[in-house]
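The next block holds one structure in the form of structure tokens; read it before the comments.
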């Protein structure tokens with residue numbers, strides 16, 4: 001399936017590329033990245049998403065697109081509740097509200113942190129639970145877990161964990177309204193309750209990073225970023241809680257579809273109309289799991305503060321350890337857009353894509369309203385990460401969405417065949433990166449060569465008007481699950 | 001496919017292709033494949049537990065079985081010895097699983113869920129069955 005280039009960085013998959021497409025596919029990519037997406041068969045998945053009932057505009061894909069399950073990773077689809085539009089849990093994914101949090105410090109790399117990087121990474125390793133099957137920093141009773149599902153970051157705040165400022169700089173201020181904990185199964189609560197404040201495994205990580213270059217002074221100033229500054233980037237999600245919510249609700253929708261007369265090209269695209277009660281149950285459960293994900297990153301932030309306190313022998317507040325922003329890249333949200341000259345509230349699915357509201361958006365914290373929403377883009381392990389902002393054109397380009405990372409280019413199996421975890425560790429350490437991993441054997445799965453070039457991905461985002469570069473950060477310490 | 005299954009490559013995730021002389025055998029092979037991926041395949045003896053599964057069709061049954069095993073692995077720290085499908089119809093099954101406690105942290109792949117993505121069940125003229133299930137990792 002060969003998309004057609006319609007303008008620089010924009011490729012169209014025409015209606016008819018697969019049977020039943022209701023809108024075209026639009027892929028934002030360079031010539032090199034589109035080739036990878038074609039080889040990967042992810043373009044086919046863009047076309048499959050275009051068959052969903054009630055889809056509006058186009059089935060979009062971000063430059064870090066790769067083959068996913070049902071939806072491509074990097075896929076964006078907006079559906080209209082008024083026009084038989086559907087919700088598809090596969091368009092959110094199993095790791096509901098998986099996302100990235102950037103934490104800044106007032107510490108300078110060369111002068112203050114470089115001499116202490118070993119003890120700092122060790123301290124982070126002690127304070128950040130990680131790996132498969134690990135328990136979190138807060139173990140919850142059933143009642144407490146239900147509060148987290150309803151209240152998000154407000155629950156740990158009520159227990160003295162974190163600050164009001166942390167909540168202010170989290171998407172939705174750390175709490176999604178209209179969460180329905182009653183739609184979260186006992187099994188999901190059983191899985192998630194012991195895991196609040198844990199990193200997990202796979203591509204989840206914590207990195208100590210240094211701001212290497214600033215591209216947009218005004219935005220960097222608003223975020224308190226400066227060259228040479230040490231930051232921490234966290235990537236994790238809703239853990240077993242979200243995984244089980246998705247599992248439960250996909251099963252329900254998969255069984256409902258034949259009676260509703262809905263056919264999809266891949267069963268993982270299972271969906272029901274937004275007006276259906278099963279959709280409302282899923283949305284309520286998804287929001288609850290999203291609240292858990294925000295609370296998870298909030299509680300981990302406390303661990304980061306304690307680790308810095310241990311490593312530098314000073315109170316974390318003296319070190320200026322503060323949240324820059326926290327944003328999800330696996331979520332569906334009801335958002336208003338101007339479509340065909342009419343304001344419509346659409347259900348925007350972002351699967352491996354980040355919301356990127358432009359300047360002036362009312363949902364942004366006051367400090368960021370003039371510059372646009374911060375977007376946090378982790379690179380592959382050991383390579384650069386980026387801070388971007390949404391632009392004036394983001395909404396018109398792809399329902400205010402941009403990329404979410406480098407995007408995998410190689411399967412985990414193949415990555416492990418090329419090098420061992422120990423070889424990857426040696427290479428990263430030779431480049432001055434200090435590591436703490438739960439299991440070295442799995443490190444090769446996440447090696448830099450298994451991913452696309454994140455710099456190329458963000459350059460396309462900027463070139464296509466999806467978002468704008470603010471800062472580049474390089475890793476100096478990596479803590480992996 | 002000497003163990004009755006093979007691990008399939010996928011850009012971000014992994015899959016299992018499992019084969020058996022019947023649906024029951026194919027389900028057992030898929031369970032062994034998952035246990036290997038999780039690093040949770042163990043020799044018994046262990047606690048025997050019977051799972052009663054109900055799903056829309058044989059493919060969904062396979063997804064359900066793997067998701068049940070993931071749940072037990074995550075919530076009880078369980079490894080898996082013998083997995084025996086006592087009865088398998090097209091839409092329900094009784095599966096006896098031998099649960100063997102795993103000490104400490106796990107070194108296998110962290111699997112979030114079994115998915116319906118490209119889910120396939122092929123019944124051959126000789127009665128043998130081949131299943132394909134992808135997992136989100």
Between residue A:7 and residue A:39, take the C-beta separation as r, use R0 = 35 Å, and let me know the FRET efficiency to the nearest 0.05.
0.95
Please compute P(r) over all alpha-carbon pairs of region A:1-71, binned at 10 Å starting from zero, and give each bin as a whole-number percent.
25, 58, 17, 0
So, with points 7 Å from each Cα along the Cβ direction, the residue A:164-residue A:431 label distance in nm works out to 4.2
Just order A:310-317, A:185-192 by mean Cβ neighbour count inside 10 Å, highest at the front, would you?
A:185-192, A:310-317
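If I stretch the segment between residue A:212 and residue A:423 completely, what's the gain in nm (0.36 nm per residue apart, minus their alpha carbon distance), one decimal?
Working: separation 211, 0.36 × 211 = 75.96 nm, distance 2.62 nm.
So the extension gain works out to 73.3 nm.
If you count, for every residue in B:111-124, the Cβ atoms of partner chains within 10 Å of its Cβ, what is the mean?
Working: counts 5, 15, 11, 2, 12, 13, 11, 5, 5, 1, 0, 0, 0, 0.
For peptide B:111-124, the averaged partner shielding equals 6.
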When you look at the Cβ of every residue in A:249-258, what mean number of other chain Cβ atoms sits within 10 Å?
3
Label points 7 Å out from Cα along the Cβ direction at residue A:338 and residue B:9: separation in nm?
4.8
Once each part is reduced to its C-alpha centroid, what is the distance from region A:302-348 to region A:170-203 in angstrom?
16
Pairwise over distinct Cα atoms, reciprocal of the mean inverse distance: report the Kirkwood radius of region B:12-123 in Å, one decimal place.
14.0
I'd like the antiparallel share, as a percent to the nearest 5, of DSSP beta bridges with both residues in chain A.
90
Test of understanding: ordering A:354, A:383 by Cβ neighbours within 10 Å, fewest first, what list do you get?
A:383, A:354
Taking neighbour Cβ counts within 10 Å as the exposure measure, how do A:69, A:368 sort from fewest upward?
A:368, A:69
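For peptide A:238-246, how many partner chain Cβ atoms fall within 10 Å of a residue's Cβ, on average? Don't skip to the answer; put the middle values down first.
Working: counts 0, 2, 6, 0, 2, 9, 7, 0, 4.
That works out to 3 on average.
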Residues in region B:68-86 that a label on residue B:22 would reach, taking backbone N under 11 Å of a point 7 Å out along Cα→Cβ:
B:85-86
Using only the Cα atoms of region A:1-158, each taken as one equal point scatterer with no solvent, compute I(q) by the Debye sum, divide by I(0), and report log10 of the ratio at q = 0.11, 0.16, 0.19, 0.20 Å⁻¹.
-0.70, -0.93, -1.06, -1.13
Inter-site label distance for residue B:130 and residue B:52 at 7 Å from Cα along Cβ, in nm
3.5
If you look at just the Cα atoms of region A:33-88, how large are its Rg and its Dmax in Å?
11.4, 37
Sorted largest first, extent of region B:22-71 alpha carbons per principal axis (Å)
31, 22, 20
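Kindly put A:337, A:386 in sequence by how many other C-beta atoms sit within 10 Å of each C-beta, fewest to most.
On the way: A:337 18, A:386 27.
Ordered from fewest to most neighbouring Cβ atoms within 10 Å, A:337, A:386 come out as A:337, A:386.
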Output the relative contact order of region A:403-473, whole-number percent, from Cα pairs under 8 angstrom with separation of 6+ residues.
42
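So for each of A:135-142, B:34-41 I average, over its residues, the number of other beta carbons within 10 Å; can you give me the resulting order with the highest mean first?
B:34-41, A:135-142
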Does anything in region A:227-241 have its amide N under 14 Å from the 7 Å Cα→Cβ label point of residue A:116, and if so which residues?
A:230-231
With 5 Å bins from zero, work out the P(r) of region A:251-299 over every alpha carbon pair and list the percent per bin.
5, 19, 23, 18, 13, 10, 7, 3, 1
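Set the Förster radius R0 to 30 Å, insert the Cβ-Cβ distance between residue A:142 and residue B:91 as r into 1/(1 + (r/R0)^6), and round the FRET efficiency to 0.05.
My answer for the efficiency is 0.40.
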Please state the relative contact order of chain A as a whole percent: Cα pairs under 8 Å, 6+ residues apart?
22
Which Rg and Dmax, in Å, describe the Cα atoms of the protein assembly as shown?
22.9, 73
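List the relative contact order of region A:1-75 as a percent without decimals, with contacts defined as Cα pairs under 8 Å and 6+ residues apart. List each step's numbers first, then the result.
Numbers: 155 pairs, mean separation 22.1, N = 75.
Relative contact order, region A:1-75: 29 percent.
Laboratory data are not the source of any read-out in this text; all were calculated from the coordinates shown. Quick caveat, the model's predicted, so the values are computed rather than measured. With ideal geometry, Cβ positions are generated from the backbone for all residues, glycine too; neighbour counts draw on all protein chains shown.
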